[in-house]
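Asker: Mind looking over this structure? Questions follow.
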Ligand SMILES: *Cc1c(COP(=O)(O)O)cnc(C)c1O
C-alpha cells in the first residue's frame, strides 16, 4: 500500500489540515449540516478559570435546531446508503437516543425511510412522549421499543437480534433495500466525519491565532473521539485529545476498540499509522451512577456553564463531559494558562426528557 502519511522509511510523514479535508471529502458525502460549525471563546469562564477556553459548536450542526454530533457521521453513511440503492435505514439506541433521532432526520432529508430499534433504559410513560422520542414520532420514524432490563443498548440489541433480523428479512422479501447504521454510527466511515471536524477545528483555531493544548469531548460509541484521533495522527498536531465517558465501560477494552476504530479510519483514507504514541486518553471518572443517570456535581457544572456563558449542555453526555473538563482544570490536570477546546456534541433535547434523566436541574432553586 502506498503511504502518503504515517511512517515512511522510519520517518513520520504528516499531512496538512487542508489535505485531510480533501482526503475525507473524497470518500463522498451528502451535505446535511450547516458546516463549518462555529468555534468561539468563552471569555467569562476563561477569566474565572485561568485558562483560554473555546467551544466548538457541534450542537449547531443543523439540520434543524436539534442537531448534534451524529450529523457529521451521517453525511458519509447516508451517501453510502444512496450509493448502494437503499430505501430504508435501520438504527439503534436508547429511547431518548440523539443518534436515532438525528438518523431519522438525515434519512428523511435523503428520502429514506427510518426504522428505529430503541432500548428503554429509561421508560417513556404512556401518553407522555417527550424530547427525542417525540421528535421521532413527528418524523414518522417506525419505532420499536425493546425492554432493556438493566442491559446496555448494545446488549439489548444483541438479545433481540433474531427478531430484528426477521424484520429486515421481511422488508428484503418485499423488495426493499436496507442500510444498517450501527449504534452511534461509529463505523470507520462514520467516524471519518470527525477526522474532517478535527481539521476544520484546527484551521479555525489557527485563524483565531491560538494552538490548543487540549481538545475535550464526550465519548460514547466512540466514533467522535476515534475520528478526532485519526485527524491528530494524520497531521501530527500536538493537541492532547481527551474523551470523557458517558456510560460505564471497562476502560482498557474500550480504549483498544477506539484505537482500532481510529486505525480503521486511517485505513479508509489510504494509509496507516504505526507508532505506539497514544493519540487520545479517556476519562471514566465522570459517568456517575450510569448512562442516562444524572448526578449533582455534573448538574452543578451544567448550571455553571449556563449561568456564566448562557450555554446549554445536557445531563446525559455533554454536561458530564463538561464537568470532567472542569474537574481536570480544578485539579490542575489541565494546567493554568492552557488553551482548551471543548467540543460540544449537542444533546440539549435531554433537558426536556423524563425527570429521571433531568435530575435536580428542575428543582434546584
Ligand atoms: C452520541 C453522542 C455523544 C457520543 O458520541 P460518540 O461518537 O457516540 O462517542 C456525545 N454527545 C452527544 C450529545 C451524543 O448524542
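Asker: Identify the residue in segment 49-86 that is over 19 Å from the mean Cα position of the chain (by Cα) and loosely packed, with under 14 Cβ neighbours inside 10 Å and, among all such residues, is farthest from residue 172 (Cα to Cα).
Answerer: In this case the residue turns out to be 50.
Asker: Looking for something touching a residue at least 60 places away in the same chain (Cβ under 8 Å), in contact with a strand residue (DSSP E or B) (Cβ under 8 Å, 6 or more places away or on another chain) and within 11 Å of the ligand (Cβ to nearest atom) - is there at least one such residue anywhere in segment 156-164?
Answerer: No, segment 156-164 contains no residue that is touching a residue at least 60 places away in the same chain (Cβ under 8 Å), in contact with a strand residue (DSSP E or B) (Cβ under 8 Å, 6 or more places away or on another chain) and within 11 Å of the ligand (Cβ to nearest atom).
Asker: Here's another thing I want to ask about it. Can you tell me which residue within segment 229-248, out of those that are within 25 Å of residue 314 (Cα to Cα) and in a loop (DSSP other than H, G, I, E, B), is farthest from the ligand (Cβ to nearest atom)?
Answerer: The selected residue is 248.
Asker: Report whether or not residue 333 is surrounded by fewer than 20 Cβ atoms within 10 Å (Cβ to Cβ), free of Cβ contacts under 8 Å to residues at least 24 places away in the same chain and outside any helix (DSSP H, G or I).
Answerer: Taking the combined requirement at face value, the residue satisfies it.
Asker: State all residues of segment 112-132 that are closer than 21 Å to residue 32 by Cα, in contact (Cβ under 8 Å) with a residue 40 or more places away in the chain and within 16 Å of the ligand (Cβ to nearest atom); if no residue qualifies, say none.
Answerer: Within segment 112-132, 132 is the sole residue that qualifies.
Residue by residue, here is whether (1) touching a helix residue (DSSP H, G or I) at 6+ places or on another chain (Cβ under 6 Å); (2) within 12 Å of the ligand (Cβ to nearest atom); (3) touching a residue at least 24 places away in the same chain (Cβ under 8 Å) holds:
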site: 42; (1), (2), (3): yes, no, yes
site: 46; (1), (2), (3): no, no, no
site: 73; (1), (2), (3): yes, yes, yes
site: 76; (1), (2), (3): yes, no, yes
site: 87; (1), (2), (3): no, no, yes
site: 95; (1), (2), (3): yes, no, yes
site: 101; (1), (2), (3): yes, yes, yes
site: 106; (1), (2), (3): yes, no, yes
site: 110; (1), (2), (3): yes, no, yes
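Asker: Given the structure, is residue 256 surrounded by 14 or more Cβ atoms within 10 Å (Cβ to Cβ), out of contact with any helix residue (DSSP H, G or I) (no Cβ under 7 Å at 6 or more places or on another chain) and not in a loop (DSSP other than H, G, I, E, B)?
Answerer: Taking the combined requirement at face value, the residue does not satisfy it.
Asker: Pick from segment 55-70 the residues that are part of a helix (DSSP H, G or I) and within 12 Å of the ligand (Cβ to nearest atom): which of them is farthest from residue 201 (Cα to Cα)?
Answerer: Checking each candidate, the answer is 70.
Asker: Here's a follow-up. State all residues of segment 259-273 that are part of a helix (DSSP H, G or I) and either at pLDDT below 90 or within 11 Å of residue 226 (Cβ to Cβ) (or both); if no residue qualifies, say none.
Answerer: 259, 260, 261, 262, 263, 264, 265, 266, listed by residue number.
Asker: Return yes when residue 73 is more than 30 Å from residue 161 (Cα to Cα), at pLDDT 95 or above and not in a loop (DSSP other than H, G, I, E, B) and no when it is not.
Answerer: The answer is no for residue 73.
Asker: Restricting segment 286-330 to residues that are in contact with a strand residue (DSSP E or B) (Cβ under 7 Å, 6 or more places away or on another chain) and in a helix (DSSP H, G or I), which is farthest from residue 148 (Cα to Cα)?
Answerer: 325
Asker: Continuing with this model, one more query. Could you tell me whether segment 15-26 includes any residue that is more than 24 Å from the chain's Cα centre (by Cα), modelled with pLDDT under 95 and either more than 16 Å from the ligand (Cβ to nearest atom) or buried (at least 23 other Cβ atoms within 10 Å of the Cβ) (or both)?
Answerer: yes
Asker: Can you tell me which condition residue 178 does not meet? The list is (1) surrounded by 15 or more Cβ atoms within 10 Å (Cβ to Cβ); (2) touching a strand residue (DSSP E or B) at 6+ places or on another chain (Cβ under 8 Å); (3) closer than 30 Å to residue 354 by Cβ, and all the others hold.
Answerer: Result: residue 178 fails condition (3) only.
Asker: Applying the selection to segment 207-228, what residues are assigned to a helix (DSSP H, G or I), surrounded by fewer than 24 Cβ atoms within 10 Å (Cβ to Cβ) and either near the ligand (Cβ under 8 Å from one of its atoms) or touching a residue at least 24 places away in the same chain (Cβ under 8 Å) (or both)?
Answerer: The one that is assigned to a helix (DSSP H, G or I), surrounded by fewer than 24 Cβ atoms within 10 Å (Cβ to Cβ) and either near the ligand (Cβ under 8 Å from one of its atoms) or touching a residue at least 24 places away in the same chain (Cβ under 8 Å) (or both): 208.
Asker: Has segment 259-278 got any residue that is in contact with a strand residue (DSSP E or B) (Cβ under 9 Å, 6 or more places away or on another chain) and within 16 Å of the ligand (Cβ to nearest atom)?
Answerer: No; the residues of segment 259-278 include none that is in contact with a strand residue (DSSP E or B) (Cβ under 9 Å, 6 or more places away or on another chain) and within 16 Å of the ligand (Cβ to nearest atom).
Asker: Yes or no: residue 277 surrounded by fewer than 13 Cβ atoms within 10 Å (Cβ to Cβ) and either modelled with pLDDT under 95 or within 16 Å of residue 358 (Cα to Cα) (or both)?
Answerer: yes
The values are calculated or read from the model by the stated rules, or taken from the named source; none is laboratory data. Bear in mind the structure is a predicted one, so any value in this text is a computation, not a measurement. So basically every Cβ, Gly included, is an ideal-geometry build from the backbone, and we count neighbours across all protein chains shown.
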